[in-house]
Amino acid sequence: GENVEQHPSTLSVQEGDSAVIKCTYSDSASNYFPWYKQELGKGPQLIIDIRSNVGEKKDQRIAVTLNKTAKHFSLHITETQPEDSAVYFCAATQKDSNYQLIWGAGTKLIIKP
Amino acid sequence: DTAVSQTPKYLVTQMGNDKSIKCEQNLGHDTMYWYKQDSKKFLKIMFSYNNKELIINETVPNRFSPKSPDKAHLNLHINSLELGDSAVYFCASSLTRSGANVLTFGAGSRLTVL
């Protein structure tokens, strides 16, 4: 079945620097790749997503890139701010389970002042 | 108005007890989910209902029983609670059953079994 690996598990960056979180997937038929942000004490919330017919998508300081050949996608956050501190999850759809989401293990992003 | 609301937010109980968590969404979505998040933050889907029909039933002990009286509500009942059931349980909803839809999560219900 589909497997989504997410790295790193913890990422600490200086405020103002960039942060990159990477995910790899195994199902070549995966066609949708969302990123969710979970702040302390809250449920995950979608921050950006990308579909398999697009290589890159940007929304202000957040961008996602997709490399279908290598089967990996990445979240890029530029000019990090304290409010970016959270746990970030990637996910990918799995064809075998009727395109339900398979989740990465999460990355705890710490922004140092 | 909260889009996906679940109650209670905190639940502390003894081993062997039975408890329920309720969830309601006012988004008009067709599909609702229960996720379990353990202490390491792993998100694991447990169940999904589409318009009151069970469509995802992952490998979960049969002590867990979901119920969807209508498409806006999905409740989770847990019998004979065990220590390992301690976790945060998230309800979520999406417009349709396709995995390529945005999930809207509730704030979570933290269950502690003593």
*Volume of the Cα convex hull of the protein assembly as shown, divided per residue and given in Å³*: 124 Å³
_13 Å Cα-Cα reach of A:Lys68 towards aspartates and glutamates, excluding residues that sit fewer than 8 places from it in its own chain_ = A:Asp27, A:Glu56
*Computed from the mean reciprocal separation of all distinct C-alpha pairs, what Kirkwood hydrodynamic radius does the stretch A:1-59 have, in Å?*
13.6 Å
*asked:* Suppose a student asked you for the relative contact order of chain A, using Cα pairs under 8 Å spaced at least 6 residues apart; what percent would you report?
replied: 37 percent
*Please name whichever of A:Trp35, A:Leu101, B:Ala3 sits farthest to the positive end of the charge dipole of the protein assembly as shown, dipole taken about the Cα centre and charges placed at Cβ: Lys and Arg +1, Asp and Glu -1.*
A:Leu101
*Local charge sum around A:Ala29 (other residues, Cβ-Cβ under 15 Å, Lys/Arg +1, Asp/Glu -1)?*
+1
*Where Rh is the Kirkwood radius over Cα pairs, Rg/Rh for the stretch A:1-107*: 0.96
_Inter-chain shielding of B:44-57 (mean C-beta neighbours from other protein chains, 10 Å cut-off)_ = 1
_Going Cα to Cα from B:Lys9, which lysines come in below 25 Å? Please leave out same-chain ones fewer than 8 positions away._
A:Lys37, A:Lys42, A:Lys108, B:Lys19, B:Lys22, B:Lys36, B:Lys40, B:Lys41, B:Lys44, B:Lys52, B:Lys67, B:Lys71
*Within 10 Å of each Cβ of A:45-57, how many other protein chain Cβ atoms are there on average?*
1
*Take every DSSP beta bridge whose two residues both sit in chain A, then give the antiparallel share in percent to the nearest 5.*
90 percent
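Just so you know, all these numbers are worked out from the coordinates, no wet-lab data involved. Values in this document were obtained by computation on a predicted structure and should not be read as measured data. All Cβ positions, glycine included, derive from the backbone under ideal geometry; neighbour counts span all protein chains shown.
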